[in-house]
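The structure under discussion appears below in the form of structure tokens.
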Amino acid sequence: MFEFVYEELTTEQKNAYLERIGCQGIRELSRQTLDTLVYQHQCTVPFEDLDLVVGVPDLPLDGEALFEKIVGRRRGGFCFELNGLFVLLLRAMGFDAYSCMCRVAANRPVLGGLSHRACLVRLDGRMYLCDVGLGGPMAPFAVEVSETRQTRHGETYWIEPTYEGWYLQKRLTSQGTEGNVIIFAPQPFLPTDFVPLCRALISSPATLFRTTRLVNLRTERGNINIRGDVLTVTENGEHRERTFTEEEFPEILKTHFHMEV
């Protein structure tokens, strides 16, 4: 019989990862713990595509490489990296967690290709979608796979069944309208399944990650975002943005995102 085998974090790696996201001492396997892990991760580990923009020939997705980058060097990453390591943390803590394939649905009238990785957790007879690696709006909590609208940190998300066994995650926008987020399959996928997709994104010169510098981090009052050479700080719904020079970029990363690249 075939099994879905994942790499395992050591106890030392698990503890260092929890310290990285400010969740030392959390042990309980509960929905509240999931919510805390997701939110804290989004507030401490940036989404960023800096390696892709400079044209790295390959991005390793094995656990050791991801741990060294995200925890050891305190960098961020994009979905294949961030959710790739996050699922290992969840499993190391004892959660029944696995990776799932996704399609980005925001601002798209038709189905796009597989281009996103998220995590699913089975807990107390329910299933939860956990995502710490989406470059755009993402739920600041673990979203139960249910059509019931769920609100945490002032944001509302829910999940509806859609075509051929896939599920659509939706949200309420700041304007009060319904918006699509991602479409995902509930079937488990192995970490190696994401390697060819990752390589395809890296090798395509037209993909957004190769053409546009993106860095994003959630804060308690909003978020901080870099797109190209524009820094946007959002606090309590108000936006402040400015254009910066390349000479300023390292200090901006250090000050706002706690990264040294």
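The values are calculated or read from the model by the stated rules, or taken from the named source; none is laboratory data. Only a predicted model underlies this, so the values are computations on that prediction, with no experimental measurement involved. No Cβ is skipped: glycine too gets one built from the backbone with ideal geometry, and neighbour counts run over all protein chains shown. With ligands, DNA and RNA removed, areas are computed over all heavy atoms of the protein, side chains included. Shrake-Rupley method; radii C 1.70, N 1.55, O 1.52, S 1.80 Å.
Descriptive notes on the structure:
- Here the dipole of the stretch 1-109 is about 400 debye; that uses its Cα centre as origin and unit charges on the Cβ of Lys and Arg (positive) and Asp and Glu (negative).
- Packing, taken as the mean count of other beta carbons within 10 Å per residue, orders the peptides 151-162, 238-249 from highest to lowest as 151-162, 238-249.
- Among 81-87, 95-101, the order from most to least packed when residues are scored by Cβ within 10 Å on average: 81-87, 95-101
- Solvent exposure of the chain, expressed per residue, is 49 Å² of accessible area, with all protein chains present and a 1.4 angstrom probe.
- Highest average first, the peptides 134-147, 9-22, 34-47 ordered by how many other beta carbon atoms sit within 10 Å of their residues are 34-47, 134-147, 9-22.
- Here the Debye sum runs over all C-alpha atoms of the chain as equal scatterers in vacuum, and log10 of I(q)/I(0) at q = 0.12 Å⁻¹ comes out as -0.70.
- For the stretch 1-154, taking Cα atoms only, Rg and Dmax work out to 15.3, 45 Å respectively.
- Share of alpha-carbon pairs per 5 Å distance bin for the stretch 132-183, given as whole %: 4, 21, 31, 27, 12, 3, 0
- Candidate lysines - alpha carbon under 19 Å from LYS254, same-chain residues fewer than 8 apart omitted: LYS69
- Carbon plus sulfur fraction of accessible area for the chain, probe 1.4 Å, in percent: 50
- Euclidean distance between Cα centres, the stretch 95-159 to the stretch 164-231, Å: 11
- Its Kirkwood hydrodynamic radius, worked out from the mean inverse distance over all distinct Cα pairs, puts the stretch 73-114 at 12.3 Å.
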